[in-house]
1. Which residues, taken from the range 216-267, are open to solvent by less than 40 Å² (accessible area, probe 1.4 Å) and basic (Lys, Arg)?
2. Condition first: surrounded by fewer than 16 Cβ atoms within 10 Å (Cβ to Cβ) and of a type in the set (A, V, I, L, M, F, W, C). Now tell me which residues in the range 120-139 satisfy that.
3. How about the range 160-172: which of its residues are farther than 26 Å from Pro102 by Cα and either under 32 Å from the mean Cα position of the chain (by Cα) or open to solvent by less than 60 Å² (accessible area, probe 1.4 Å) (or both)?
4. Of the conditions (1) buried (at least 19 other Cβ atoms within 10 Å of the Cβ); (2) in contact with a Phe, Trp or Tyr (Cβ under 9 Å, 6 or more places away or on another chain), Ala204 clears all except one; give me its number.
5. Would you point out the residue of the range 230-245, among those that are in contact with a helix residue (DSSP H, G or I) (Cβ under 8 Å, 6 or more places away or on another chain) and not in a strand (DSSP E or B), that is nearest to Lys155 (Cα to Cα)?
6. Can you tell me which residue among Ala125, Ala119, Ala168, Ala147 is within 27 Å of Gly195 (Cα to Cα), modelled with pLDDT under 95 and of a type in the set (A, V, I, L, M)?
7. Within the range 168-225, take every residue that is of a type in the set (Val, Ile, Thr) and assigned to a strand (DSSP E or B) and give me the one that is farthest from Thr131 (Cα to Cα).
Amino acid sequence: MVAGSDWPQVPALAVGEAPETGDAPAVAAADAVNNAPTAQLEQPNLTQSNQRMSGPAELKRPVEVVLNTYQPSNKQQQPKQQQPSQTYVAVAAAAGSASQEPTELQLSSFAWNLLATDAGSTAPACPFSPTRKNSVSDSQGRLWSLANGRECTFKVPSAAARSAAEAAGAELTWEGAPLCTAVPSKASAVADPAGNLWGYEDGASCTFKQEDGGSVKLKNTPTTLPMLWEQAPVCDIAPTKESSNADVMGRLWGVDLMGRGCTFRVG
């Protein structure tokens with residue numbers, strides 16, 4: 001018997017040697033093992049090479065009895081696919097630039113109504129213009145948004161910033177404005193007093209011009225604004241829920257301290 005095993009040792013016979021009477025049970029056991037069904041093959045590998053010396057060693061070749069053994073599968077397990085990590089909206093917002101506007105989903109995760117009463121005075125100014133989609137109001141009606149992963153509020157631009165924005169807007173013309181890339185619709189286009197169709201892409205006005213320079217016409221009459229977004233005065237008050245009204249594109253308009261129509265815009 002092999003130490004630590006319940007399987008019998010099977011002696012090997014030299015070539016041309018007949019089995020002795022006393023060896024019959026051992027040979028029969030070896031045959032039975034080699035012919036055993038597959039279900040009994042999950043056993044240790046027992047390869048015996050026992051020799052019975054009946055003559056000169058150089059003339060004898062051992063008969064080696066090898067028991068069928070179970071071979072484990074060599075198939076490698078496929079590595080599990082790595083699941084994308086969940087990124088919190090604040091972290092996602094921080095990954096963008098300072099002027100990157102947040103999405104409505106990002107804004108929905110913040111409890112704006114729980115902000116402190118004086119939070120607006122210490123929060124940084126948002127670096128982009130407010131719209132209906134990129135802003136929310138707190139319990140006092142102040143408009144808030146996100147920039148660099150933290151809350152920001154829309155403040156009154158300085159007098160110098162308002163003057164610079166109005167000067168740049170005065171240079172906007174139908175002929176010099178860029179072409180819009182989107183297809184015009186009643187929800188994405190407005191008409192100026194001359195009936196020309198304008199859109200708004202990448203934070204600036206654009207035109208729906210035909211090849212001849214004329215304006216594209218809509219089947220449904222678009223909203224007509226008294227002046228272009230960039231050509232209107234910049235509001236000298238902070239936007240609130242009560243003091244702002246959105247046009248069809250979601251841009252916010254108000255009335256300044258002089259009673260003029262104005263836009264709540266940055267730059």
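The values are calculated or read from the model by the stated rules, or taken from the named source; none is laboratory data. Since the model is a prediction, treat every value here as computed from it, not as a measurement. Positions of Cβ are backbone-derived with ideal geometry, glycine not excepted, and every protein chain shown enters the neighbour counts. In case anyone asks, the SASA skips ligands and DNA or RNA and just uses the protein heavy atoms, side chains included. Shrake-Rupley method; radii C 1.70, N 1.55, O 1.52, S 1.80 Å.
1. Arg251, Arg265
2. Within the range 120-139, just Ala125 meets the criteria.
3. Ala167, Leu172
4. Exception for Ala204: condition (1).
5. Looking at the filtered set, the residue picked out is Asp236.
6. Exactly one of Ala125, Ala119, Ala168, Ala147 is within 27 Å of Gly195 (Cα to Cα), modelled with pLDDT under 95 and of a type in the set (A, V, I, L, M), namely Ala168.
7. Ranking the candidates gives Thr207 first.
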